[in-house]
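Taking it in order: structure first as structure tokens, then the write-up.
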Amino acid sequence: VAAPPTMQGITSGVSAMTVGGAGGADPRGPPPAAAGPGATADAGSDGRRRRGFGDRVLPPERSYLMAEKIEPARRVGKAIEKISDNIDVVANSFVLQLGNGRNDCIFNYRVTTDVEVPNKLLQGMVHNEPSITAACGKIAFDGQQAFLLNRLPEDEMEFPVQTRGNATRPSETVRVQFKFNHIVPWGSPTILQVLNILLKNYMKASGMTLIGRHYFQPLLKQTHQDMPGIHVWPGYVTAISQCTGGVLMNIDIAHKITRSQRAWDTIQECQRAGGNFKEAAERQLIGEIVMTRYNNKTYRVDDIAWDENPQCKFKAGRKVGGVFEEYETSYMEYYQKKYDIEI
């Protein structure tokens, strides 16, 4: 399956990734080893054996060259025997240069609201509300924390946002609160969290969909003519981490195989087949992995509650003023408030 043609945009965007700063690839190229998915070697700075290279040794001065030539060899007793000609080693990692050219730190804020709103709605408020963007400037937001280039005039600020009403949720004024947490220096490990947030934003902007922990491109899904219900979604596995050669972004190609049939369709087929359809449905569904399309998360089916319906209530959790509390709600109310879905 061909890889999505959005890779060029992602790599160019992240290689120039700045929380307002300068970026770009190291002129020496990426190292042959990087932490994260797809890493095959761990090249240290002392010239010792590297993971994935067996008894072969990479000198420290050659550890971070892209397409560097090495001599494959094996150890025979105490002697090193050459086994083939030189080969090129290339790693799918990119060096990220940090620094924003103005400050040596960024500012971390806790973001809360006075009423419970879906996370997707809160993301839209933080990134699109004119009063918030005017005061904060560029924002890296993960749903709970915001990272800013400039410190706000006050440690606690509140922004009223008017939401748009729809058939399931009336229009209301939501107060979005920013509370200062701490200063994050460029050398802090938290910077890696910020870079991963920005990488996710770039991939989302390119039209990709988050499924589990990785992004895939549903618009480029492939379907084989002999298996019309099976789809293959191309995507990427990414990781930004601190390595010996600096902060590296590792990217690997990945694919997600999905089946378009719904669990409800399976239950209906069992009903039409006659007999004890509940036992038949349990045999087919329990233990299977399903994906919910409203949040693209995957779950394993443990059981089917035949005696419950959408009006039944259960205990859910939420944070109110930074304190976690349990409350009782029905499935219909929960999906309407959290995902804006009417059952």
query: Once the whole set of protein chains is in place, how much accessible area is left on R110, using a 1.4 Å probe, in Å² to the nearest 10?
result: 90 Å²
task: Return the subset of K179/K256; K204/K278; K200/K313; K120/K315; K204/K337; K120/K221 for which the Cα-Cα distance in this structure is over 32 Å, preserving the input order.
output: K179/K256; K204/K278; K200/K313
- request: Please report the relative contact order for the range 157-239, taking Cα pairs under 8 Å with a sequence separation of at least 6, and give it as a percent rounded to a whole number.
  value: 16 percent
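First select every other residue whose beta carbon is under 12 angstrom from the beta carbon of Q217; then total the charges, Lys and Arg +1, Asp and Glu -1.
+3
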- prompt: So how much accessible area does C105 have, in Å² to the nearest 10, using a 1.4 Å probe?
  reply: 20 Å²
message: Using a 7 Å offset from the Cα along the Cα-to-Cβ direction at both R293 and M157, what is the distance between the two label points in nm, to one decimal?
response: 4.0 nm
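Once you have a ≥ b ≥ c as the square roots of the Cα gyration tensor eigenvalues for the range 181-220, tell me rounded if a/c is under 1.5, and otherwise prolate or oblate according to whether a/b is larger than b/c.
Working: a/c = 3.82, a/b = 3.09, b/c = 1.24.
Here the range 181-220 falls in the prolate category.
Sort largest first and round to whole Å: the equivalent ellipsoid semi-axes of the range 139-286, each the square root of five times a Cα gyration tensor eigenvalue. It would help to have the intermediate numbers written out before the result.
Working: eigenvalues 346, 136, 41 Å².
Over the Cα atoms of the range 139-286, the ellipsoid semi-axes are 42, 26, 14 Å.
Order V115, V237 by their accessible area, 1.4 angstrom probe, all chains in place, largest first.
On the way: V115 55, V237 20 Å².
Reading off the accessible areas and sorting them downward yields V115, V237.
What is the extension gain from K120 to S260, computed as 0.36 nm multiplied by their sequence separation minus the C-alpha to C-alpha distance, in nm to one decimal? Mind showing how you got there, number by number?
Details: separation 140, 0.36 × 140 = 50.40 nm, distance 2.47 nm.
Stretched out fully, the K120 to S260 stretch lengthens by 47.9 nm.
Just by accessible area at a 1.4 angstrom probe, what is the order of Y294, Y236 from largest to smallest? Walk me through the numbers before you get to the answer.
On the way: Y294 90, Y236 10 Å².
Ranked list, largest accessible area first: Y294, Y236.
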- request: Collect residues whose amide H, placed 1.01 Å from N in the peptide plane, falls under 5 Å from the amide H of Q97; neighbours closer than 5 in sequence don't count.
  value: G24
- prompt: Could you give me the ³J(HN,Hα) list for the range 306-312, computed from phi with Karplus coefficients 6.51, -1.76, 1.60 and θ = phi - 60°, whole Hz, x at Gly and Pro?
  reply: 5, 8, 10, 9, x, 8, 5
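The values are calculated or read from the model by the stated rules, or taken from the named source; none is laboratory data. Owing to the predicted nature of the structure, the values given are computational and were not obtained by experimental measurement. Methodologically, a virtual Cβ is constructed for each residue, glycine included, from the backbone with ideal geometry; neighbour enumeration extends over all protein chains shown. Side chains included, ligands, DNA and RNA excluded: accessible areas come from the protein's heavy atoms. Shrake-Rupley method; radii C 1.70, N 1.55, O 1.52, S 1.80 Å.
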